[in-house]
Amino acid sequence: NRANFVAVHQFGFVEKYPVLDAAVEGATFLLNSPFGPDEVWDKLPRLVQETIIAKKLKFYVLDGYEVGRKTKMGVRINTIMQTAFFALSGVLPRDEAIAQIKKAIQKTYGKRGEAVVAQNFAAVDAALEHLFEVKVPDRVTSTMELEPPVSGNAPEFVQSVTAEMIAGRGDQIPVSKMPVDGTYPTATTQWEKRNIAQDVPVWEPDVCIQCGKCVLVCPHAVIRSKVVPAEALAGAPEGYKTLDAKFRELPNQKYTLQIAVEDCTGCELCVEVCPAKDKSNASRKALNMAPQRPIRESEREKWNFFLGLPEVDRTSEMKFNQVKNVQLLQPLFEFSGACAGCGETPYVKLLTQLFGDRAVIANATGCSSIYGGNLPTTPYAKNKDGRGPAWSNSLFEDAAEFGFGFRLTAIQQRAYAESLLKQMQETVGIDLAEQLLNADQSDETGIDAQRRRVEELKSRLAGKSDPAAKALSKMADSLVHRSVWMIGGDGWAYDIGYGGLDHVLATGLNVNVLVLDTEVYSNTGGQASKSTARGAVAKFAAGGKPRPKKDLGRMAMTYGSIYVAQVAMGASDAQTVKAFLEAEAYEGPSLIIAYSHCIAHGINMAKGMTQQKMAVDSGYWPLYRYNPALVEQGKNPFQLDSKAPTLALKDYIYTETRYRMLTQSDPAAAAELLTLAQEDVQSRWALYEKMAAAV
Ligand code: SF4
Ligand code: SF4
């Protein structure tokens, strides 16, 4: 807590946190700033100016993102800021420090190719050229105060606990403020407003075709669409954008798409997938990136207005079975701390759009448990009725067993509620009891009707003092269908938790499993899993994985009673939506294996969905659905949803560093493994084709 050197890598932090509290007198303060040495002073809050003067700090600025742009490093500013640290801190003589950084770059990135090394060297040199000392004035000129950690509209718990953690004062929160039963409030990421994106998407309604693809792929639920009556737009902020909605079931309404720019990570996935281009100017799409700072205030107002607009009626005639319509559903997983451009979270978000108001989720430890339940905030959210996923993480290895327990509990609770209901049917009314016991809850309308019956039941039981009435009132909610999910990565499903997963799938109970398959232990540090494909380089597979990937889906299919789907949103979003709906509807265990691009693949994350498509086009990741329910209809349960490979494997895998690096470090091994990997693709495809052709 006594720092000689303070570096702030996000300008937004100086506007929000007392970042210089720990600086000692005469310390060095390095700020990554979009404002140069002559203008930055006027952009600082009063407290920061005061501290710089009072502590006689040496103040430097560097526009790390500008250097990143110029040297094609994108938003990766670690090398740039590290260079400035060594140049200023005096830890080593400056020239020696720079030489050591370049040596470390060679060692770290050498295997990734000379181009990556050269790019990092250029970033080092440019960082030094863009590093400036700020001439500190002798008096405070700012009247700007630090922004509060959360808005004053946040609930009491967020104000008194979450905000304190966000402000870095978590260790001063009294234990008495913590929930005593181990539950923790959800829907709190909405208050964080990290403002980390330099550039954000801006919507051009005149070009938009209302496909919803941008909304689907956004890893952070930042970009959203609604269709609303024109009257709902009364009082809209100036410049609020809409256009006539093109939804058959919602005639004469307005379509609106809004971006929460303060929650955006600037990943560009939405812009990349947007298919609509201005016919008179092909470089102008329906979404284009623009600097965030100038539009922050106005977009904040528009976002708040958007949130107040009515949500689509889930029980209307509209069918939520295609991307365009599904993307009108409110996501109940938002603004998580996952990596910018994450390939996993769009699937989690989709799950919550479809089933979130009744989902109970058991999460294996890994990336999805970190971004899913990390303090200080929780991304799982609630709708206006207060319904949203109930979520918990136990261990890495036991998510399947943990979720299995959720289903067993739901069965027991429901059975108890039903027995009480039968016992009390004369008191609550025979008609109502029968409707509750025999309700069809296979769709949104059925579930909504059951919820209304449960409310009616509770009101008829209100005030009754006998123990059975009290118990039934308490158990009544368990008469509504619960959607039980287990979520985890390939490290869990293929390796560490496989025994439990297999056991749970074999029980035949109605549970759903979502495997977010990045083909590597991502959060743990990039170790090979049994999902890693042949030829990929990972920890414990430094010479390229010598053996092929385990076919988890096919293993599950051998039971004949498990719904299995392999999906890749970037290749077919329609097939992904179909698989999620079928999996949940199947009255038995379901397994969805979802291809998830990842920073561990060494790709440009903005192109993540394109990588997914290439994986499918090359036959590396075939899309299929295996639905045992089709057997009863005399049909083949296995449906191959992707076409025969049209892309050579090398044309896909060598666009990813995890494969390409072996061609640098061991070209002979790379060539040999490529041949074998291409054979893997062909033999698997031939087998799947046979399975799909069987009658
Ligand atoms: S840039 Fe990324 S985070 Fe921002 S709206 Fe687009 S997809 Fe979402
Ligand atoms: S992806 Fe493009 S065309 Fe489709 S809804 Fe989004 S902005 Fe409109």
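The values are calculated or read from the model by the stated rules, or taken from the named source; none is laboratory data. Computed from a prediction, not measured in an experiment: that's the story for all the values here. Note: ideal-geometry Cβ built from the backbone for every residue, glycine included; neighbour counts use all protein chains shown.
For this structure, a couple of remarks:
- Being assigned to a helix (DSSP H, G or I), modelled with pLDDT of 95 or more, assigned by TED's automatic domain parsing to the domain that holds A536 and of a type in the set (A, V, I, L, M) holds for only one residue in L674, L662, and it is L674.
- When I603, I593 are checked against the criterion of being in contact with an Asp or Glu (Cβ under 6 Å, 6 or more places away or on another chain), over 16 Å from V348 (Cα atoms) and outside any helix (DSSP H, G or I), a single residue qualifies: I603.
- Inter-residue pairs, beta-carbon under 8 Å, first small (G, A, S) and in the range 253-276, second assigned to a loop (DSSP other than H, G, I, E, B) and more than 8 Å from ligand 2 (Cβ to nearest atom), 6+ apart: A260/V222; A260/F335; G266/V75; G266/I196; G266/A197; G266/Q198; G266/Q292; G266/A340
- All positions within the range 352-362 that are touching a Ser or Thr at 6+ places or on another chain (Cβ under 9 Å) and either within 28 Å of A234 (Cβ to Cβ) or not in a helix (DSSP H, G or I) (or both): A359, V360, I361, A362
- Residues that are over 14 Å from P201 (Cβ atoms), part of a loop (DSSP other than H, G, I, E, B) and not charged (D, E, K, R), drawn from the range 278-313: S280, L309, P310, V312
- Test: residue in the range 576-587 that is over 20 Å from the mean Cα position of the chain (by Cα), assigned to a loop (DSSP other than H, G, I, E, B) and either among the hydrophobic types (A, V, I, L, M, F, W, C) or assigned by TED's automatic domain parsing to the domain that holds E679 (or both): yes
- Residue list for the range 237-277, restricted to those being near ligand 1 (Cβ under 8 Å from one of its atoms) and outside any loop (DSSP other than H, G, I, E, B): I259, L269, C270, V271
- Filter result (within 16 Å of ligand 1 (Cβ to nearest atom) and crowded, with 18+ Cβ neighbours inside 10 Å) within the range 294-313: E299, K302, W303, F306
- Qualifying residue in the range 332-346 (condition: polar (S, T, N, Q) and under 29 Å from I603 (Cα atoms)): yes
- Some residue of the range 272-279 being closer than 30 Å to E582 by Cβ, within 12 Å of ligand 2 (Cβ to nearest atom) and exposed (fewer than 15 other Cβ atoms within 10 Å of the Cβ): yes
- Within the range 280-300, being away from ligand 2 (no atom under 14 Å from the Cβ) and in contact with a Lys or Arg (Cβ under 7 Å, 6 or more places away or on another chain) holds for no residue.
- Whichever residue in the range 189-224 is closer than 15 Å to R296 by Cα and among the basic types (K, R) and, among such residues, is nearest to ligand 1 (Cβ to nearest atom): R194
- Scanning the range 480-500 for residues that are of a type in the set (S, T, Y) and in contact (Cβ under 8 Å) with a residue 60 or more places away in the chain yields a count of 1.
- Those residues of the range 588-600 which are at pLDDT 95 or above and surrounded by fewer than 24 Cβ atoms within 10 Å (Cβ to Cβ), in sequence order: G588
- Residues that are under 25 Å from A410 (Cα atoms) and within 16 Å of ligand 2 (Cβ to nearest atom) within the range 327-374 comprise P331, K349, L350, Q353, listed in sequence order.
- When residues in the range 202-226 are screened for being near ligand 2 (Cβ under 8 Å from one of its atoms) and either under 20 Å from the mean Cα position of the chain (by Cα) or assigned to a strand (DSSP E or B) (or both), 7 of them pass.
- Of all the numbered requirements in (1) in a loop (DSSP other than H, G, I, E, B); (2) away from ligand 2 (no atom under 15 Å from the Cβ); (3) crowded, with 17+ Cβ neighbours inside 10 Å, S316 misses one, and that requirement is (3).
- Boolean, V537 is more than 23 Å from D502 (Cβ to Cβ), in contact with a helix residue (DSSP H, G or I) (Cβ under 7 Å, 6 or more places away or on another chain) and in contact (Cβ under 8 Å) with a residue 12 or more places away in the chain: yes
- Which listed residue, of P251, P229, P237, is surrounded by fewer than 22 Cβ atoms within 10 Å (Cβ to Cβ), away from ligand 2 (no atom under 14 Å from the Cβ) and farther than 18 Å from M318 by Cβ: P237
- Tallying residues that are in a helix (DSSP H, G or I) and within 16 Å of ligand 1 (Cβ to nearest atom) within the range 319-351 yields 7.
- Test result for L509, touching a helix residue (DSSP H, G or I) at 6+ places or on another chain (Cβ under 6 Å), surrounded by fewer than 24 Cβ atoms within 10 Å (Cβ to Cβ), assigned by TED's automatic domain parsing to the domain that holds P346 and touching a residue at least 40 places away in the same chain (Cβ under 8 Å): yes
- Near pairs, Cβ below 9 angstrom, 6+ apart or cross-chain, from the range 213-237 (under 16 Å from Q330 (Cβ atoms) and among the hydroxyl-bearing types (S, T, Y)) to any residue that is in a loop (DSSP other than H, G, I, E, B) and at pLDDT 95 or above: S225/Q210; S225/G212; S225/Q327; S225/L328
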